[in-house]
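Structure first, commentary second.
The values are calculated or read from the model by the stated rules, or taken from the named source; none is laboratory data. Please read all numbers here as calculations on a predicted model, not as lab measurements. Backbone-built Cβ (ideal geometry, glycine too); neighbour counts: all protein chains shown.
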Amino acid sequence: MAQISEDRFAFGGAPLPLEAAQGRLLAAHAVKCGTEAVALGEAVGRILADDAVAAFDLPPTDNSAVDGFAVHFDDLSPDAPTTLPIHGRTAAGAAPAGPLPRGQAQRIFTGAVMPEGPDTVMMQEDCTVAADCVTVRPGIRRGANRRPAGEDVTRGTVALAAGKRLMPPDIGLLAALGFVQVPVRTRLRVVLFSTGDEIATPPAPLRAGQVYDANKPMLAALLHRLGAMVVDGGVLPDTPAPTREALRTAAARADLVITSGGVSTGEEDHVRAAIEAVGTLQFWRVAIKPGRPVALGVLDGTPLLGLPGNPVAALITFTAIGRPLLDRLAGATYVPPPRFLVRSAFDYRKKPGRREYVRVQFDAAGAAHRHPREGAGILTSLTESDALMELPEDLTELAAGDLVACIPLGLLLG
Ligand code: AMP
Ligand code: MG
């Protein structure tokens, strides 16, 4: 006899593997955002719209990596100290003090342009100065402490590729390359709804049976971090007609519509049916846990994403499906979060056929412990966890001591 859960599983075909769902959404949707120029100081978190090409070598000239003395390597004795007369002095920002003749050393400072001739710089800590001469220790290699022009970025090459979400180091690189303004994608407009007759919004007092809306503020925070412009669509009731109407209106004015809740197969779940009624459903179940019910549809080119209602499931499906979709629409290159192999501190069993994300905490030795409360509605299981342990589809048994891929929450949600 089939179990109830098996019946649910069978309804509408098998859930899509995560990669297949991601592949489908990338194929079905394209960039929606235009481009605008912003000042470099405003560009962090924005998405680079054109390749940033270096107009000159970085660094622009050969220069010294240390404070010391520029020398001709071939003037140095390989196994005994060498004494050379000091010829001139070049500081950072100054023109070099002229070419350096063979058999001499030039005083030089970090960042100063290498004079013509010498190929190596001795650190001042390895030198002794007496009268007008410097004595250098043997053992340095040719070219030491000399930074060649273009060693960071070569003129004419792509320093940062279009589609990159700009991080502080990217701002540093663009600044070093002389960018004052940067072409970035305009912000994606996202209309965000919660659903459910039990969902209340503070400061309204909680009535019996109600819970406060956790998902909309949490998802809005995720979206803000990703550079989107969020419009609060409010809370939709558990009734079909207003849900359909709200999706239609939102799709007409947004680049992306996101809902949470009401996407399962219960009688009170109307989001999937509403997506199907007003648009075209692209998929509605993905083989991940938590979060199997997650619906993606499209209405007149605007994607409608229905996330599950349990807050943990909403967050995990957002990172697995919402994030690649948002990046696609916003013109960002989706880069899956890095996984780190971590030793599990626990045994675990799971069903085959779906990927499972287990909330874990790291101990001082770096081993991963399962969060003691695992329900999909337990918000503290997220606030108190360090990472999601990712258990692949075919895995059924995990033993303490096994190395498993973990995604730190800080990287996943960044
Ligand atoms: P649903 O997917 O609508 O069946 O909701 C699953 C569970 O998540 C229920 O316990 C809901 O009360 C809860 N839930 C749904 N939406 C929210 C929300 N916006 N904030 C907090 N909990 C929610
Ligand atoms: Mg609901």
If I filter segment 241-268 down to residues being surrounded by fewer than 20 Cβ atoms within 10 Å (Cβ to Cβ) and touching an Asp or Glu at 6+ places or on another chain (Cβ under 8 Å), which single residue comes out as nearest to GLY322 (Cα to Cα)?
ALA252
Members of segment 104-124 found to be free of Cβ contacts under 8 Å to residues at least 40 places away in the same chain and either assigned to a strand (DSSP E or B) or farther than 8 Å from VAL71 by Cα (or both), listed by number
ALA105, GLN106, ARG107, GLU116
Hey, GLY209 away from ligand 1 (no atom under 15 Å from the Cβ) and small (Gly, Ala, Ser) or not:
no
Every residue in segment 226-241 that is more than 16 Å from ligand 2 (Cβ to nearest atom) and either at pLDDT below 95 or β-branched (Val, Ile, Thr) (or both), please.
VAL230, VAL231
Condition first: aliphatic (A, V, I, L, M), within 17 Å of PRO311 (Cβ to Cβ) and surrounded by fewer than 17 Cβ atoms within 10 Å (Cβ to Cβ). Now tell me which residues in segment 367-382 satisfy that.
LEU379
When the residues of segment 286-295 are filtered to those that are surrounded by 24 or more Cβ atoms within 10 Å (Cβ to Cβ) and either among the basic types (Lys, Arg) or away from ligand 1 (no atom under 14 Å from the Cβ) (or both), which remaining residue is farthest from LYS32 (Cα to Cα)?
ILE288
Matching entry among ALA313, ALA246, ALA274 (being within 23 Å of the chain's Cα centre (by Cα) and within 15 Å of ligand 1 (Cβ to nearest atom))
ALA313
Exactly one of GLY366, GLY353, GLY377 is within 16 Å of ligand 1 (Cβ to nearest atom) and either within 30 Å of VAL44 (Cβ to Cβ) or not β-branched (Val, Ile, Thr) (or both), and that residue is GLY377
Answer yes if at least one residue in segment 257-272 is away from ligand 2 (no atom under 16 Å from the Cβ) and either in the same structural domain as ALA241 (by TED's automatic domain parsing) or within 19 Å of ASP232 (Cα to Cα) (or both), and no otherwise.
yes
On the given criteria, is LEU206 crowded, with 19+ Cβ neighbours inside 10 Å and in the same structural domain as THR249 (by TED's automatic domain parsing)?
no
Condition first: charged (D, E, K, R) and modelled with pLDDT under 95. Now tell me which residues in segment 20-40 satisfy that.
ARG24
Out of the residues in segment 273-296 that are within 16 Å of ligand 2 (Cβ to nearest atom) and not in a loop (DSSP other than H, G, I, E, B), state the one that is nearest to GLY375 (Cα to Cα).
PRO293
Could you list, in sequence order, all residues of segment 255-269 that are assigned to a loop (DSSP other than H, G, I, E, B) and either away from ligand 1 (no atom under 11 Å from the Cβ) or in contact (Cβ under 8 Å) with a residue 60 or more places away in the chain (or both)?
ASP255, GLY261, GLY262, THR265, GLU268
Residue under question is GLN282, and the condition is that it be away from ligand 1 (no atom under 16 Å from the Cβ), more than 30 Å from MET167 (Cα to Cα) and surrounded by fewer than 23 Cβ atoms within 10 Å (Cβ to Cβ); does it hold?
yes
Test set (1) closer than 23 Å to VAL360 by Cα; (2) more than 16 Å from ligand 1 (Cβ to nearest atom); (3) under 22 Å from the mean Cα position of the chain (by Cα); (4) surrounded by 20 or more Cβ atoms within 10 Å (Cβ to Cβ) - PRO338 fails condition number:
(4)
Determine which single condition GLY163 fails, assuming it passes every other condition in (1) farther than 25 Å from PRO303 by Cα; (2) in a loop (DSSP other than H, G, I, E, B); (3) away from ligand 1 (no atom under 16 Å from the Cβ).
(1)
Which numbered condition GLY139 fails, given (1) in contact with a strand residue (DSSP E or B) (Cβ under 8 Å, 6 or more places away or on another chain); (2) on the phi > 0 side of the Ramachandran plot
(1)
At pLDDT 95 or above, farther than 21 Å from ASP386 by Cα, of a type in the set (S, T, N, Q) and more than 14 Å from ligand 1 (Cβ to nearest atom): is that true of THR302 in this structure?
yes
Starting from segment 225-254, keep only residues that are over 12 Å from HIS270 (Cα atoms), then list their pairs with residues that are among the hydroxyl-bearing types (Ser, Thr, Tyr) whose Cβ atoms are within a distance under 6 Å, requiring at least 6 positions of separation or different chains.
VAL235/SER194; ALA251/THR302
Could you give every pair whose Cβ atoms fall below 7 Å, whose first residue belongs to segment 293-319 and is aromatic (Phe, Trp, Tyr), and whose second residue is near ligand 1 (Cβ under 10 Å from one of its atoms), counting only separations of at least 6 or pairs across chains?
PHE318/LEU219; PHE318/LEU307
Every residue in segment 28-44 that is assigned to a loop (DSSP other than H, G, I, E, B) and surrounded by fewer than 16 Cβ atoms within 10 Å (Cβ to Cβ), please.
ALA30, GLY34, VAL44
